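The values are calculated or read from the model by the stated rules, or taken from the named source; none is laboratory data. As the structure is a computational prediction, the values presented were derived from the model and not from experiment. Neighbour counts are summed over all protein chains in view; Cβ atoms, including those assigned to glycine, are modelled from backbone coordinates with ideal geometry. Ligands, DNA and RNA are excluded from the accessible area calculation, which covers all protein heavy atoms including side chains. Shrake-Rupley method; radii C 1.70, N 1.55, O 1.52, S 1.80 Å.
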Amino acid sequence: MRVTLIEGFNPGPYTGAGNNTYLLSGLEPTLIDAATGQTRHLAALDEALGGSALSRVLVTHAHPDHASGAPHLASRWTGAGFFKLPWPERDGEYRVDWRPLVDGDVVHAGDGALRVLHTPGHAPDHVCFLDEADDTLFCGDLLIQGGTVVVPGSYGGNLTDYLASLARVRELRPARVLPAHGPEIDDVTALIDEYVAHRRRRDEQILSALREGHTTHAAVVRVVYPDLATELLGAAGESVLAHLLKLEADGAVRRHDATWEAV
Ligand SMILES: [Zn+2]
C-alpha cells in the first residue's frame, strides 16, 4: 500500500510536533485521522491527492486533534465518507455523518483493505487499523516512540483496558507501526514491554505515596510528579486517577470520599 504522511500542522503541549495523518493512495484514497482542519493540512492533502477525490476518512478516536478536522475535510471533499467506532458522548461535537465501525470490520482503503482493531484505554472508542497485506499497523494514540501515552481517568480513559490493548497488539507483532504523533515505532515489542514496566512502577509509586500518608488525589500527583510544568499537570492528574481506578478495580486500594487507602 502506498502511504504518505501528511502532517496536521497543529503543534502544542499535548500534540508534540502535531498530528500525523496518513494518506493511503490508490483506487479509493483514504485518510487515517482528520487532524484539526489547519489550512496547511488541507493544502498538503490536496497536493498529495494529485487531483483525485478523497474517498474516505478513518478516525482512530474522538479526541479533537484526531477528529475536529472532519467537518473541514467534509466541506472540501463532499463525497468522502467518515468512519469511526462510536463514542456517542463525543462524536456529535464534530458535524459529519459518522458511519460506525466495529472491531473486526474490514474497510477498503487505497488499493487494499484495513482491519479495525478496537483498542480502548486511551479513549473508549480508540481503534488501530491493520493493513494485513503489508503487516503495517496504524496505531493512533496507542503508542508513541520516546514517550508515554496519557490515559485520562475522568475523560473515557481506562488503564485496565489500555494494558489489554497493548497485550493485543504485542501478540500481533506488526512489522511496521505508524503512530499519530512522532516518528515510526522502532521496536513495538520493546516499547510495549517498557510501557507495561513503566505502569507497574507507577502503580508501586502511588501505593507507596498512599502508605506514606499522601491520601488525596492532589497529594499523590505532587509526590509522583514533583517538578512537572504547570501546563502538563492536568494530564498528570488524569493519569494518576487512571492508576487509582485500576488499583481499585484490582482490589489494591479503597476509596473513602476524597481520600484513597492502600489495602
Ligand atoms: Zn488521543
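Structure notes:
- Selection from the range 227-252 of residues that are part of a helix (DSSP H, G or I), open to solvent by 50 Å² or more (accessible area, probe 1.4 Å) and not β-branched (Val, Ile, Thr): GLU231, LEU232, LEU233, LEU245, GLU248, ALA249
- ASP46 vs. criteria touching a helix residue (DSSP H, G or I) at 6+ places or on another chain (Cβ under 8 Å), closer than 26 Å to GLY146 by Cα and among the acidic types (Asp, Glu): no
- Hey, LEU178 open to solvent by less than 30 Å² (accessible area, probe 1.4 Å), within 16 Å of the ligand (Cβ to nearest atom), assigned by TED's automatic domain parsing to the domain that holds THR36 and in a strand (DSSP E or B) or not: yes
- Of ALA219, ALA190, all but one fail to be part of a helix (DSSP H, G or I) and open to solvent by 40 Å² or more (accessible area, probe 1.4 Å); the exception is ALA190.
- Subset tally (residues that are more than 15 Å from the ligand (Cβ to nearest atom), open to solvent by less than 30 Å² (accessible area, probe 1.4 Å) and polar (S, T, N, Q)) for the range 146-175: 0
- Residue within the range 249-258 that is acidic (Asp, Glu) and either within 17 Å of LEU159 (Cα to Cα) or at pLDDT 95 or above (or both) present: yes
- All of LEU31, LEU24, LEU45 fail the test of being more than 17 Å from THR136 (Cα to Cα) and aliphatic (A, V, I, L, M), apart from LEU45.
- Condition met for THR60 (open to solvent by less than 40 Å² (accessible area, probe 1.4 Å), away from the ligand (no atom under 16 Å from the Cβ) and hydroxyl-bearing (Ser, Thr, Tyr)): no
Matching residues to (1) open to solvent by 20 Å² or more (accessible area, probe 1.4 Å); (2) aromatic (Phe, Trp, Tyr):
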residue: SER75; (1), (2): yes, no
residue: PHE82; (1), (2): no, yes
residue: ARG90; (1), (2): yes, no
residue: TYR94; (1), (2): no, yes
residue: ASP103; (1), (2): yes, no
residue: ALA109; (1), (2): no, no
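- Test result for LEU49, more than 12 Å from the ligand (Cβ to nearest atom) and either surrounded by 21 or more Cβ atoms within 10 Å (Cβ to Cβ) or of a type in the set (Lys, Arg) (or both): no
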